[in-house]
Structures are given as C-alpha cells and as structure tokens.
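Student: Okay, here's the structure, questions in a sec.
Computed from the coordinates by the stated procedures, all read-outs in this text should not be read as laboratory data. Bear in mind that the values here come from a model prediction, so they are computed numbers and not experimental data. Cβ sites come from the backbone with ideal geometry, for glycine too, and all protein chains shown count toward neighbours.
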Amino acid sequence: MYDGTEQDLLRLLASRAGISPEYHDIAGALHVTSDDTTRAILSAMGFRVESRESLAQELIAWDEAPWQQPCDSILILQQGYDCAHWSLRLPLEGGEEQRVVVAWHLTDEKGTVIHRAEAGPHLVPQEERDLAGRRAVRFQLPLFPDLPLGYYDLSVVARGSKGDTKGSLRVVVAPPHCYVPDGMAQGGRVWGLAVQLYSLRSHTNWGVGDFTDLGQLVEWAGRELGAGIIGLNPLHALKNSRPHHLSPYSPTSRLFLNELYIDLERLPEYRTSPDAQRLRNSPEFQKELERVRQADRVDSESVVKAKRTMLEFAYRQFLKDNYTGTEPSLQPTSARGWLLERFIRDEGDSLERFALFQVLEEERRLVELSPKLWPEWPEQYRSPGSAALREFVKRHRKRVRFFQYMQWVAADQLREAKARAAQVQMTVGLYPDLALGSDRNGGEAWMLQDVLALGADCGAPPDAFAPQGQNWGFAPFHPLRLKATGYRSFVELLRKTLRQGGAIRIDHVMMLFRLFWVPRGLTAAAGAYVQYPAEDLLRLLALESMRAQTLVIGEDLGTVPDYVREQLARYKILSYRVFYFERNWNDGSFNPPSAYPEQSLAVVTTHDLPTLSGYWKGEDIRLRASLGMYPSDEARQQACDERMRDKGHMLAALQRAGLLPSGLSDQLEQVPVMTPELCRAIHVYLATSRAWIVMANLDDVIGEVTQMNLPGTLDAYPNWSRKLSLSLEELQRDERVQLLAAAVRTLRSPAATP
C-alpha cells in the first residue's frame, strides 16, 4: 500500500503519467503546475483521483499493469543493434519456472516466419512480483540479432504444467535518422515557393486552387524557375464551412484529403454524365461559376456545394460505366472500376470509417431538429465498431462508397501532381503540412477516440504573442494509450501524410516530446506540459520517412527547450527558421546568414504572420487596432515604435551583408514601402545562408499586403480565404517572380559540385 499524503500520491501519479511539475516560459519565468491542474489532467487521462484511496489504487494498478499481459505492446530498436532482449511475464507457482518451456517465432510484414527459437526448461527469472497473493515472474529472452528495417510480430507460447500461455509483441527496427535526399546530403542547396493551395487563381478552376493548378505550378516553378520544392498548406479533409471549419490546421481528419481541391474537368465520368453537363452548361451555373472565380475571397461553401453536386452526378455515371449489379453485389467491369476497388482495399478500415462518419453526419442532419455533434449522437452511433453501425453500413453501402470514391479521386489527382514534380526533376517536390491535431467533433476524433484524451485540449502557455495562453481546441493523443496500441494510429497518420510529397512539415513538432494540455473548462494559463515517448515516436518517424523517401521539417517555433532541437538535429529533422524571429533579442539585430543552422529551412514569414509588404506598412498593427486587440492606445503605439526599430534593424542587416539595394540606405524615411528590390534582397540574404532549404512565399514575391490568417480571430477577419491577386497565368509573366528566382537559384545549387 502506498503511504504519504493525498498531495504526495497525486504528484507521484502525475510524475508516472508524464505531467511536468513545472515549466519555464519563453521569457524564462518559472510556472509551477497546480494540484487542481494536475488532478484535472489525470482525470482527462482516465485516472480516478477523487481521494487519497483512489490515488493509491491507481498507483497499485500502474505497478501491476505490465504484469497483466505476457508481453509489452511494442519494442522499437535502432538499426544495427547487436544484442537485444524482450520480456515475458508469467503467473507461476514457486519452482514452476524450472519446468516451463518457451517457444516463439518472428514474422515479417508479409507474414513469413523468419526466425524460430525455444528456451527452457530451467529458466532463470529476472524479476518476481506478488500480485494480490499470486506470484508472477519475468523472464528476459534474446531477440534475433540485426534484423533489417521494418515491422515484425513476435508470437510466443509458454508451456507449463497448468497449460499454455500465449502472448505477442510488436518489434520495430528503425534507422538512425530520417530521410535526406542524396543531393542535399552531399552539399546541395534547394530553394522553392510556398503557397496556400486554395489561394491560387486560374482560368480553369472553380473559384479555388485545385490539384490541376498545383500540377501547373509545379511544372512552371520546376522548369522555368529552377525551384526544387513547393510548400503547401495542410491538404487534410475539412468541412469547408464558415467560420469554424475553414482552417487547414483544424481539419475533420488528417488521414484524408479535402475534396475542395478536386478538379472535376479531369474526371471522365463527369464529362460523360448528361446530368452533370446539363447543369454545367446552364446559365445559372455559369453565372455562379464566374462569380466565385472573380471573387477575391474563396467562397468555400458555394464551391464545395457545387463540386459535391457534380461529384454525385459523376459517381452515378462511374457506377453505370464501370460496374454491374446492385449493392451490395456490385462488381467492377473495367480497369477504372478495379482501381477504385483496390484503393478501398488498400485504405482499409480507416477509409470505410471516415466515409461512414460522413454518411452518419448527413443522416443526423436530416433526422435531428437541430444539428448535433457526434458526442451527442444516439449511443449506438458514437463508437465506430458498434453492431448497430455494421448494420448501418450494409443499408448505406452505396453512399459509403461515394465518399470512398471522392477520396480516391482526390488521392489520384494529388499523386499526379507529385509525379509531375519528379518529372521536372525537383530535388524535393511537394511539401505539405501535417497539422498538429483535428477538430474534436470531426471524423478523426470519432475514429480515434480510444487513443485521444477527449477531456483536454492542446494549447500553448502564455507568452508575448498570446499573454493569456492559447487553446487550440484539439484533443491530444493520450501517450499511454498510444503506446499500448503499438502506436498504430500515429504510424498510419505519418504514412498517409508522408506519401503526399517529397517532404512534410510537422506543425508544432514539439508534440513528439511534450504537449501543453489545457483541461476542458480551464483557461490556457492553467495548463501544463505532458511528456510523450519521444524516442519511440522519433524512431517511428525515421522509419516511415525513410520508407517514403520523404524529408521531414519540424516547425519548432515558440517555447523550444534546447534538448528538443538537439534531438531533432540528431534525427535529421530540419529546423524551421523564420526571418522575423531570427534575432539577437538583447539588441534587436537580425542574425547574419552564417548563424542559420545548416540542417534547417529558412523562410521570411508564415501564414500566421504579416506578409513582407504588410509588415512594412504595419498593416497587421492597423488591423489589430481596428479589431480592438490592443488594450490601449499606448500599447498600439508601442507596437508601431517596435516595428520601426525592427525595420531599421532589417535594413542594417542587409547593409552589413552588402545586399542593400542600389539607391537605398538604412534610413527608414527613404524606404516607405516594401519594394520588389528590397523583397528580393531579403530572400537573397536567406539564400546566402547555410540552410539546406530556402522558401519564398508567393504572397511576398508579388507584394500581397493582407495576411492569410490573423490568430485570435474567428469571424472578425476572413481567415483562410484570401486569393492571390494574380492568376497562375499572370504569375508566369510577372517580372518580380522571374527576377527573384534568378537571384536566388544562382546561390542554391541543388547538388554538390564534384
């Protein structure tokens, strides 16, 4: 039995569960985690913490938990290991270990047995434990040495006088670091363009950038501009509705793609559907299409409604052209039909469940008097594995298949854009984001609720950017449950994102190490950090990155402990360096290019920050002031004064580097606006750094003033909807883009010189 006060037991359980007792904020101030916060986070993890007795019981259960199963859930090793062991735990009476014989075998991912072994009798226990009067022992057994990279399943049978005990263990062998393209590893340097895909205009899209636009951007940037990488917003599935469901960083699911990016014109069944073509050619549709094309903001709701209607027509034609029979006995009759069937088979349960969730949402909207989120659905629909839902799928098989069809179309069109990057010999290619989390009321949370802590949100502690702290509204992965399930959900998430391009950016990469949890109902300032099994997660990321041949960039902005960046560097995960923040904060000066780490990606700004032109004009300050986001006129004036000083430091940095444009000095009064020459000089400044990758946001290159997202706003600012002022066709003729590309690419040789 555990001794000590209730507070002692509370803190002991918190320590075992990975709740940090304190943390230092970005300014170095110490914050101690309160007992109330500790208790709330433990409750969110599923622990009973209402009394000293319940805490003691939870601690006993914690100690006994490993002994309740013969094997651990997973063992992750690094490539080249020599001697490794695994543990087997058995309930045995005194001396019985002398008679136990243990036999095990190891299978690879194809199900082939690659090793068999046996041990005993006369095994020597490594450890013993008394479990409520029952003796249990732990044996340590050898693992086959130096397995190749990959996933393995170890199955064991222990034969004793009272029968057999069976167990299983997931074994993973990971490389020492993530994938790095050969040219980059040999000294090559890359530059590229970053864009929010939905913001692209073209003469052919339906009012939102699509996968065809992406392919054309890749073709032009690779062939004409010498770009080796195209940075993108997360492409995750969204509900595409205002104001809560437009952010690419708050998707309904990160496992699947946003249907908004589908180009209908490329679908053969759309072109041959009489219903689709009749609607497409109607004056009403043509008028609406022209309206959304010409608008300066993406009307996501109108566009997705139009595309969904057309996709339904196309799907009906697809079934007619490629299948025979009726549900549930549909049979493909063509290569295109079989391609969909293979996609559905390969995507497995996760695709079926995501499609099922969308069908359920549709049905609940029809039958409910007011919209209800999935936690409010009838109980039989709240869990994806229920018997009621298996029957529901049978009744709605055709509609489930429709949502699977949409994902197939989206994945195929993205695959073609990715292939085009390879065709134009981009060093890296597409570079999408992986969002930190998903909408707690969306499809992913419904599907993965067994490994999420739905009683808490992710966020960030108070800092200068957000003095009250931040609550991002995502339910965090439960680190204990995640490990107990062999990290399968984490691995699937990585695989689905890594296959999208030649690189990924992991938003808030610190989540591999620790996350700031905010218990539901408390303010962000009352949150605390929860530790994650970083070594396990990093090794899995390295393995999946190497398999997909995909570079990994970690967004490491904000409060980042030194050990985090050291570990990221060891695993060859590129640091994300934003010019605005690369400063000597003692005097405000900008770091020289030589200070940028080699293993990094350098960029001027991000979607959450002002564009270069907006920064120079102080547009973000003006906008925040107009929305009442400064507590006083003095605070607004202070922001203006700081911006003037920062711009002076920026010009001084360029002058020291010999890059200040001709005719300019470091006197601010001579530089009232951001000019193309000054924009180019700043990007050349980054291009002369040692950073492996330098990105230029298209927004900055063509002088956009307003930023894509204004953090801290919901409907007061049109976040995630601004289009570029120029179309793709106009961009290809724009001198600013051509001159910047010419200046930067000469400094960024994509491969090492022999």
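Student: Sort 615-624, 101-110, 543-552, 510-519 for me by packing, meaning the mean count of neighbouring Cβ atoms within 10 Å per residue, highest on top.
Tutor: In decreasing order of mean packing, 615-624, 101-110, 543-552, 510-519 become 510-519, 543-552, 615-624, 101-110.
Student: Per q in 0.18, 0.24 Å⁻¹, report the Debye log10 I(q)/I(0) for segment 80-174, using one uniform scatterer on each alpha carbon and no solvent.
Tutor: Those come out to -0.83, -1.24, one per q.
Student: If a paramagnetic tag sat 7 Å from the Cα of residue 30 along the Cα-Cβ line, which residues of segment 513-544 would have the backbone N under 16 Å from that point?
Tutor: Residues passing the 16 Å test: none.
Student: Moving to a separate point now. Run a plain Debye calculation on the chain (Cα atoms as equal point scatterers, no solvent) and give log10 I(q)/I(0) at q = 0.06, 0.07 Å⁻¹, rounded to two decimals, same order as the q list.
Tutor: -0.42, -0.57
Student: Based on the Cβ-Cβ distance of residue 301 and residue 690, what FRET efficiency does E = 1/(1 + (r/R0)^6) give at R0 = 51 Å, to the nearest 0.05?
Tutor: 0.65
Student: Size of segment 31-143 along its principal axes in angstrom, Cα-based, largest extent first?
Tutor: Projected onto its principal axes, the Cα set of segment 31-143 covers 51, 38, 24 Å.
Student: Taking the Cα centre of the chain as the origin, how large is its charge dipole in debye, to the nearest 20, when only Lys and Arg (+1) and Asp and Glu (-1) carry charge on their Cβ atoms?
Tutor: The dipole magnitude comes to about 1880 debye.
Student: Now for a different question. Starting from the Cα gyration tensor of segment 624-675, take the square roots of the eigenvalues, sort them a ≥ b ≥ c, and report rounded, prolate or oblate (rounded when a/c is under 1.5, otherwise prolate if a/b is larger than b/c, else oblate).
Tutor: prolate
Student: For each pair in 617/647; 320/398; 110/398; 307/394; 398/496; 287/307, compute the distance between the two Cα atoms and list the pairs where it is over 20 Å.
Tutor: Result: 110/398; 307/394; 398/496 exceed 20 Å.
Student: Could you state the per residue volume, in Å³, of the convex hull enclosing the Cα atoms of segment 6-66? It would help to have the intermediate numbers written out before the result.
Tutor: Values: hull volume 5.1 nm³, N = 61.
In segment 6-66, the Cα hull volume divided by residue count equals 83 Å³.
Student: How much of the DSSP beta bridge set in the chain is antiparallel, as a percent to the nearest 5?
Tutor: 65 percent
Student: Can you give the convex hull volume per residue for the Cα atoms of segment 580-754, as a whole number of Å³? List each step's numbers first, then the result.
Tutor: Numbers: hull volume 25.0 nm³, N = 175.
Taking only Cα atoms, segment 580-754 has a hull volume of 143 Å³ per residue.
Student: Which angle from 0 to 90°, rounded to the nearest 10, does the C-alpha axis of helix 633-656 make with the longest principal axis of the chain?
Tutor: The angle comes out at about 80 degrees.
Student: What is the sum of charges, Lys and Arg at +1 and Asp and Glu at -1, for the other residues whose Cβ falls under 12 Å from the Cβ of residue 742?
Tutor: Values: positive: 680, 736, 745, 748; negative: 224, 735.
Result for the neighbourhood of residue 742: +2.
Student: Taking Cα atoms, how many degrees apart are the long axis of helix 676-687 and the longest axis of the chain, rounded to 10 and kept between 0 and 90?
Tutor: Between the helix axis and the principal axis of the chain, the angle is about 30 degrees.
Student: Quick check: net charge around residue 674, other residues with Cβ under 10 Å of its Cβ, Lys/Arg +1 and Asp/Glu -1?
Tutor: Taking every other residue near residue 674 into account, the sum is 0.
Student: What fraction, in whole percent, of alpha-carbon pairs in segment 434-507 exceed 20 Å separation?
Tutor: 39 percent
Student: Stretched out fully, how many nm does the piece from residue 130 to residue 481 gain, at 0.36 nm a residue minus the Cα gap?
Tutor: Answer, rounded to one decimal: 123.8 nm.
Student: Shifting gears a bit: Once the mean 1/r over all distinct Cα pairs of segment 399-549 is inverted, what Kirkwood radius in angstroms do you read off?
Tutor: It is 17.1 Å.
Student: While we're looking at this one, here's another question. When the Karplus curve 6.51 cos²θ - 1.76 cosθ + 1.60 is applied with θ = phi - 60°, which whole-Hz ³J(HN,Hα) does each residue of segment 570-586 get, with x for Gly and Pro?
Tutor: Result, ordered by residue: 4, 8, 6, 9, 5, 6, 9, 10, 9, 3, 4, 9, 7, 10, 8, 6, 6 Hz.
Student: Using a cut-off of 14 Å between beta-carbons, work out the net charge of the residues near residue 638 (Lys and Arg +1, Asp and Glu -1, residue 638 not included). Before the final figure, lay out the partial values.
Tutor: On the way: positive: 624, 636, 643, 645; negative: 633, 634, 641, 642, 646.
Net of charged neighbours comes to -1.
Student: Let me ask something else. Kindly give Rg over Rh for segment 533-641, based on alpha-carbon atoms, with the Kirkwood expression for the hydrodynamic radius.
Tutor: Reported Rg/Rh, Kirkwood definition of Rh: 1.08.
Student: Hey, if you drop one equal point scatterer on each alpha-carbon of segment 268-309 and run the Debye formula without solvent, what base-10 log of I(q)/I(0) do you get at q = 0.21, 0.23, 0.33 Å⁻¹?
Tutor: For the requested q values the scattering log ratios are -0.71, -0.82, -1.14.
Student: Kirkwood Rh and Cα-based Rg: tell me the resulting Rg over Rh for segment 150-276, rounded to two decimals.
Tutor: Rg divided by Rh gives 1.21.
Student: Also, quick follow-up: Write out the trypsin sites (Lys or Arg not before Pro) in segment 147-245 meeting two conditions: DSSP loop, and at most 16 other Cβ atoms within 10 Å of their Cβ.
Tutor: 162
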